[in-house]
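Nothing in this text is a laboratory measurement; each read-out follows from the coordinates by a stated rule. Worth saying up front: this structure is predicted, and the values here are computed from it rather than measured.
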Amino acid sequence: MSQLLVSRRRLIGAGALGAGALALPAWARGADLHGGGSIRPGFDEVSGRDIALTIGEGPRVVQGRRGHAVAVNGSVPGPLVRLREGQPVRLAVTNTLDEDSSIHWHGLLLPFQFDGVPGVSFPGIRPGETFVYDIPALRQSGTYWWHSHSGLQEQAGHYGPIVVEPSGTDAVQADRDYVLLLSDFTPLHPHTIMDKLKKGEGYFNYQQNTWTDDYPLSGEDRRMWARMRMMATDILDVTGSTYTYLANGRGPEEGLEFLFNPGERVRLRVINGSAMTFFNVRIPGVKFWVVGADGQSVRPVEVEEFQIGTAETYDIVVEPTGEARTIVAESMDRSGMAVATLASRPGARAPVPPLRDPPLLTMADMGMNHGSGGMDHGGGDMAGMDHSAMGHDMSSQGATADQMAGMDMSGMNMRDTSLLPPDVKVGPGIDMVSMNPVDRMGDPGLGLDNVPHKVLTYKDLVALEPNDDLRRPSRSMEIHLTGNMERYMWSFDGRKFTAVSDDPIRFAYNERVRVKLVNDTMMAHPIHLHGHFFELVNGAPADRQPQKHTVIVQPGGSATFDLTADEQGDWAFHCHLLYHMHSGMFQIVTVAKPPSAPDVKRVGED
């Protein structure tokens, strides 16, 4: 499977819209939207030199639950935008909402003034206006996606997939080629969710109430977590208590299927377009090959499951057998799942597995999994220990709550800010400090360290083609992911983003920098840098470090990447959990213009 070169036929119909087709469709004018007034699920396809997209709104029904939707071209997700490497494109986006809107082309390399982040690269698209993203010849191919960067519109349905066809032969070809876009739906207005999280960050965590005999925690375990004022079940902020998890806009009972013939190879372009959800993706009983990460080809890795963070994409190739196979995308806290079917005939179905037991946080998620050393797990008293010097192994996978039973945690200072570097702002925005964070890029993700099959980790990823910049980084920097979970405050280096007061992160044009991200919180964060790809420092040979635009930083751990800052302009840098970004985990990265380059103004500047 080192080469996946099989004849390919596209099965998604195209429907190009010219730039002249800007007259508003009936759904955008407020007419009957779809069979009784609802935004329709699924997506059409648009392509060509000129593409028209229209942002509208209306009611939406998912498995009988009704909510408000922000839709593009009348559907959620919005249309698949199919582009081609080496070709330019003009995307005319018309906003019919009563508020400003925008589209960010997630993962595409383009001039910063067309990146689509209001207040950073352009002023946004005002009600009734059309903005044309005039993108020059594309310099990449692969699987990407687009979404609003205005307010909380992304949660309401303002997102869709992108496929950029290669200019030459695709290194990853298959008989069938499908997009699987995962997301989350709630009947609640996004600002209602934000309000509830600010009032109580555990509002949607119904699993926190399961302190009963049927839950795998002893009384001592519960007392230990209570002393630390933490919950072992605090995995995701927003859960299946309000979310219905979607596959291409359809709930698990709404029958999304991908057809195949026996003996065929099927390529699935898996996109996590959710607002707040990490998904664990598997096809029970089936091995498959991961062949692409964030649009970039990687050497095929055979696995049976992978965790995909918000905003990441993975391409997989599977050879399904039998009449049908179920694709399961289980939320990381296991409070629900999105479901699709690989079907050999319309209507064929395979069993849908039950939800697995919810995972529990471990000592590693508190930044206390520190290599070899040999701590006594049998009830040693940790009170008074110098945790800044801890070098103890809490088991190779991180000590579980059961292993921590009997420990006296009263002497543990989880807010020892003396461990932080001096440029981190100490204040009420920080309620935890990782005691001794280690690189966790070899972790498969919360809850997946003990499953009986192979799970993808970042350390498995090796670039298919050699990287073009093999310079050693000229400097290094460390950025801390910080937060106060109880107050629902999120930040970089203890500083909540405010557009008027924060200094950007500055890079010289074309400089090579090694960036270490340190997670001082007990939640995983998918961190996204706009306008660039960076290379994960994951143990692969220097010329084959995998390139990504989004990286998950595990709780209490770190992740490191090498960046060549070769894209001039101002770029957003943020956690891609929507409510974390909205609460302050956001910053601007400024890349100075190259020598002798003309000044480039932001769109809207005089």
request  = For segment 26-172, just run the numbers: alpha carbon Rg, then divide by 2.2 N^0.38 Å, N being how many residues it has.
outcome  = 1.04
query = Each residue of segment 526-532 in order: what ³J(HN,Hα) in whole Hz does its phi give by Karplus 6.51 cos²θ - 1.76 cosθ + 1.60, θ = phi - 60°, with x for Gly and Pro?
reply = x, 9, 10, 10, 6, x, 9
ask   = Given the C-alpha centroids of segment 459-477 and segment 514-531, what is the distance between them in whole angstrom?
value = 18
request  = Please report, in whole Å, how far the alpha carbons of segment 458-591 spread along each principal axis, starting with the longest.
outcome  = 44, 31, 22
